[in-house]
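The values are calculated or read from the model by the stated rules, or taken from the named source; none is laboratory data. This one's a predicted model, so the numbers in the text were calculated from it and none came from an experiment. Neighbour counts run over all protein chains shown; Cβ positions are idealised from the backbone, glycine included. We work out accessible area using only protein heavy atoms, side chains counted, and drop any ligands, DNA or RNA first. Shrake-Rupley method; radii C 1.70, N 1.55, O 1.52, S 1.80 Å.
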Amino acid sequence: AFSLADRVVIMNGGRVEQIGSPQDIFLRPRSKFVAQFVGGISLLEGRISGKEDGKRFLETRDGKVQLADSSGLTQGDSADLAVRADRISVTVNPGWGENEIACTLVSEEFAGAVVNLHLETASGHSLVAQVQQRELEQLDASTGARVYASWHPCDGFILESAQQSEAGAKVRAA
């Protein structure tokens, strides 16, 4: 449907979750349901922490990650952060990127020119990073190895909570 359509409607239980161009929905799903439906997205749950040096962070079970945009959120709010798999970098040494989380390389899923790396954080949370085959060769890590997943703050985005989605649906329906 994404390759043929100008606009896509994603529905959940008869309720519209998101309407937009295929690119908008793929790159910026608004809800956890749409993110999981589209796929290729890693989700981190946490709470918004206070500002430090003018920057806002999400406290997760695996550490603190910087947010590019936290508008509408205040300290203590629960939030889901989404990061596309192709935006996550993986290294064998720490200190190479922002928003770095230590992980274990669980498995590799070959998909032609790209490989999906299935990672697990210390808290047991799953992340997926999509890398080029040549990047995997340079990574030189095997299953079970300790690796570090990182992404730029601009590559992560906060998803609407169920309450925000319901409020938006009511406004659109009115």
Problem set entry | Folded to 0 to 90 degrees: helix 162-173 orientation relative to the chain principal axis, Cα | 40
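Taking the solvent-accessible surface of protein heavy atoms with a 1.4 Å probe, what is the per residue accessible area of the chain in Å²?
Working: 9840 Å² over 174 residues.
Value returned for the chain: 57 Å² of accessible area per residue.
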For this session: With springs connecting C-alpha atoms under 10 Å apart, model the chain as a Gaussian network and identify which of 40, 76, 13 has the largest mean-square fluctuation.
Result: 13
Problem set entry | Candidates 122, 113, 85, ranked by Gaussian network fluctuation over the chain, Cα under 10 Å, top entry | 113
Exercise. What relative contact order, as a whole-number percentage, does the chain give when Cα pairs under 8 Å and 6 or more residues apart are counted?
Worked result: 22
Seminar exercise, completed: Taking placed amide H atoms and a strict 5 Å upper bound, the residues 5 or more places from residue 130 or on another chain that come that close are 86, 87, 88, 117
For this session: Take each of the peptides 142-151, 58-67, average the number of other beta-carbon atoms within 10 Å over its residues, and list them starting from the highest.
Result: 58-67, 142-151
